[in-house]
Amino acid sequence: MPCCVSPLISLPHTFLVYFVDSLHVWICLDCFFICWVPQYGCRQCKQRQEQKEPAVAALAAKKKEEDNVAAEALKQQQVVAATATAAAAAKQTAEVESAHGKTLEDQVELSEKQGPVTETLDGKTLDGKTSSNVTALGVLSEDELNAAWTAALESFGRPLNSSRVNVVGQGRVGKTAFVRALTNQIFVDTESTMGVSQSLLEVDKVALDAHGDTAWSTVTDGSTAMSAQEALARRAAELCALKLSVNVSVPAASTSIVEMLSGETYEQRQHRAAEEEGAQEITAHTCNDMKKMNTAGSGAETEFVVKKVAAKEGVAKKMDMELVRSKVGKAEALRLSLWDFGGQDKFYVLHHLYLNRYCVYVVMFNMEWLLPGAPEYDECLAYLYFWLCSIWMHAVDLKDGTLAPILLVGSHKDKVWRPEDHEAISKLLDDRFQCHSVWSQVMRFKEAQVKAGRGTLWFFPVDNTIGHKDPVIVKVQQGILERVGNEKYVKLEVPFTWLSALEVLQKETASCLHIDRVLEICAESSMGGLQIALRDEVGMMLNFFNEMGLLMYHNSKGLSHLVVLNPAKFLVEPASCVICQHDIHENEALLAARTEQPGMYKLLRRGILERGILDVLWREYADSQKELELLLTLYQLIVPIVDEEGGHRFLVPALLPGKPAIDADNETPARLVAYFVFGPADMMKNLRSKSQGYVSVEDIKREGFLPIGLFPSMLGKIVEECQCVHGMSINDMQMTIGCISAAFGRHTFTLQEVRESNVMQLIIRVDTPLLVVERMLALMQVAVAKMMPSLHFVLAVDQDGGICKDGLVPTFKGHLVL
């Protein structure tokens, strides 16, 4: 039997010692080999180790060879990437050299002669001897960082890397709670949203993980886009990353937004400018020599001739080296502007101001309302159809036919939690909308929990009450980032000078500025040096930022002088105070206005707004009330009443009373009836091709599209025409929320909205309908162009030619002749 375990630490193996006939027997516990005198360890183990060593050595050599091959391949890839980046930088440098007459090498040499940058934007002092002061990365010196900064200054710009998320849907479906869930806020049972609620987000694409905490955080510095300083720092960091071979994604070269909007490359613009008669090169280095031209006549807009300024002077005079260091090797965050749209019908007249191609749409619905037997079933489907059609109308790129990304989100998963219910709702949506033109563009939830395990749904079911703890919320975030990352406009390079001007504009305390002040800011930001006149370049910048939702600008008569810096504050909030659903909304302005009961009664019951009530509602906007009235009048949200009271009253079409159709009480017999049929171009084409000009009423009900809010806009146009052209008093018109009876001179008519049939019915009460028909077509064209330019419409009559026998309007059925 064993007596002990060998304590001889010097031996390479552990042995068990036996006493056999007064002899020690050593048994190796590694291989159980018997050793009589294990002076140098176990011979068996030693032999095995000697046999293994050649194989291990061969394996190590093979692995080393593979590592060398991989390292060489990586090096070649980095060389290729660096070559491509250098080529792009060379092109950009050539542009700058042409514009400024100084090469990149000259700039770097000048920078070296002048010495290092010794002060940053935050006031920190740097070591004067940059050659020995190595960065925290341990590789790049401050001289190298300075050179990268100089090279970044000479480049054109960077992608804005920004987009907008529009959260839309029927009222009270949980849009605001969903927005709070996206931003990592706890669930709160909020009040109904008035107009549009906006918040800005920073989305870190790297940290987004479906199984962990994402990094969507609210921006609190008031900025809505990347600053020029940060953009330059990121460009310099990209150059540093290439030098360090840091594994970070560098944005590929992309089309300039200036090239896209102007239709010309820099070389083409330069060539055109050289051929223009009397073209002169402007070579001054400051903006202090601006000249005012074309100022003849009072109120004439000022034209500026701006002398070119190097981007290094106009965009950023000081390098924030710490900012550059912080960006090296770090993935760039995506800036999202998140918009929560009010769901009440009265706000739909505002939505066309903010629906466009440059955003992502999240269409929300309450899953409870799509369960069998739910009283809201038909209404919920109707609203979903409305929003899909609205996106179809507003969010299509007319040049390439692409559509903005769409996600459907179903709320109240805490109540509708069964996977089989989710499958049934998904099938219902697919059956109802599979023939719709936008349906193929709707993003599907491919990792959904279904009855059989994992499957695909046409929507994302979420539980807002637990907020970010719901993993589907994370999937929605991933879906948004995935779609935004594929959008062209996110990758378009925006000039540093534009970002610099936008940064200054965002610091303005006023909600709006005069265009002359904006031109001054843009001139001081070095704009006007892209072979484009300053005013033209500023116009392109304002139009682009308007589409991106960063500001509001209308290049139209009476408004081209106004640049709205905060659209939500300047327009949406004051408009919402007027057209909100007053029985569910309340704020201090409305409470103050209710003290004037007679005027408030007219506003609520008749849609008439007294000037005194408007002054109270807009007390906070007194300095801009004139421009506000002009904007709201432009969009037919309010209509000035021309009468004996001197135009101190307004009609608010969205607040007219909802009464039965006026026609039942009208004593004038009907002579002719016609119908306005609406829809997208391809839908109208399909309707025509089905029966060679004849279309069934059922097809119109199923495939037509009458936008909510179009009738109030048309009503405003009619009131304006009747007052200003035909001298008709507002008191002689009969109006409800969906109907108006008026006259063009002696030609009386009634126009009413038939929402369930997707048409507007025009009843003409004279024997000569031509004047009414012509004017109605013209007014409808204007109303549609302002609200939804992509919408098409035709005027149709029934198979009997629209004749009203015995003065009675025939039933809307059968077929119409387009």
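The values are calculated or read from the model by the stated rules, or taken from the named source; none is laboratory data. Computed from a prediction, not measured in an experiment: that's the story for all the values here. In this analysis, Cβ positions are derived from the backbone assuming ideal geometry, glycine residues included, and neighbour counts consider all displayed protein chains. Note: areas computed on protein heavy atoms with side chains; ligands, DNA, RNA excluded. Shrake-Rupley method; radii C 1.70, N 1.55, O 1.52, S 1.80 Å.
Listing for the model above:
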{"read-out": "Integer Hz, Karplus 6.51/-1.76/1.60 couplings in order for the stretch 790-798, x for Gly and Pro", "value": "7, 6, 10, 8, 9, 9, 10, 10, 6"}
{"read-out": "More than 16 Å apart - percent of Cα-Cα pairs taken over the stretch 466-574", "value": "65 percent"}
{"read-out": "Links that overshoot a 23 Å alpha carbon limit, given the list Lys399/Lys427; Lys175/Lys415; Lys175/Lys413", "value": "Lys399/Lys427"}
{"read-out": "Within the stretch 696-717: backbone nitrogen closer than 14 Å to the Cys435 label point (7 Å, Cα to C-beta)", "value": "696-705"}
{"read-out": "Mean projection area, nm², convex hull over Cα of the stretch 421-504", "value": "8.7 nm²"}
{"read-out": "Highest to lowest packing among 565-573, 367-375, scored as the average C-beta count within 10 Å", "value": "565-573, 367-375"}
{"read-out": "Table column - 3J(HN,Hα) (Hz), the stretch 391-396, Karplus curve with 6.51, -1.76, 1.60, x for Gly and Pro", "value": "5, 4, 6, 9, 10, 9"}
{"read-out": "Under the Karplus curve 6.51 cos²θ - 1.76 cosθ + 1.60, θ = phi - 60°, whole-Hz ³J(HN,Hα) for the stretch 765-779, x wherever Gly or Pro sits", "value": "10, 10, 7, 10, x, 4, 4, 4, 5, 5, 5, 5, 5, 5, 5"}
{"read-out": "Kirkwood hydrodynamic radius of the stretch 676-818, Cα pairs, Å", "value": "15.7 Å"}
{"read-out": "The stretch 467-486 versus the stretch 722-774: alpha-carbon centroid distance in Å", "value": "49 Å"}
{"read-out": "Amide hydrogen neighbours beyond the local backbone of Arg649, cut-off 5 Å, H modeled", "value": "Ile641"}
{"read-out": "Asp536-Glu508 pseudo-label distance in nm [points 7 Å out on the Cα-to-Cβ vector]", "value": "2.4 nm"}
{"read-out": "Total lysine pairs under 24 Å (Cα atoms) in the stretch 684-818, excluding pairs fewer than 8 apart on one chain", "value": "8"}
{"read-out": "Sequence-distant residues sharing a close amide H with Val416 (under 5 Å, placed H)", "value": "none"}
{"read-out": "Protein accessible area in the stretch 713-778, 1.4 Å probe - carbon and sulfur %", "value": "52 percent"}
{"read-out": "Förster radius 35 Å - calculated FRET efficiency between Lys446 and Ser217, Cβ distance, rounded to 0.05", "value": "0.80"}
{"read-out": "Burial ranking of peptide ranges 486-499, 720-733, 438-451 (average Cβ count within 10 Å, highest at the top)", "value": "486-499, 438-451, 720-733"}
{"read-out": "Relative packing of peptides 429-435, 736-742 - highest average C-beta neighbours within 10 Å first", "value": "736-742, 429-435"}
{"read-out": "The stretch 420-457 versus the stretch 157-179: alpha-carbon centroid distance in Å", "value": "22 Å"}
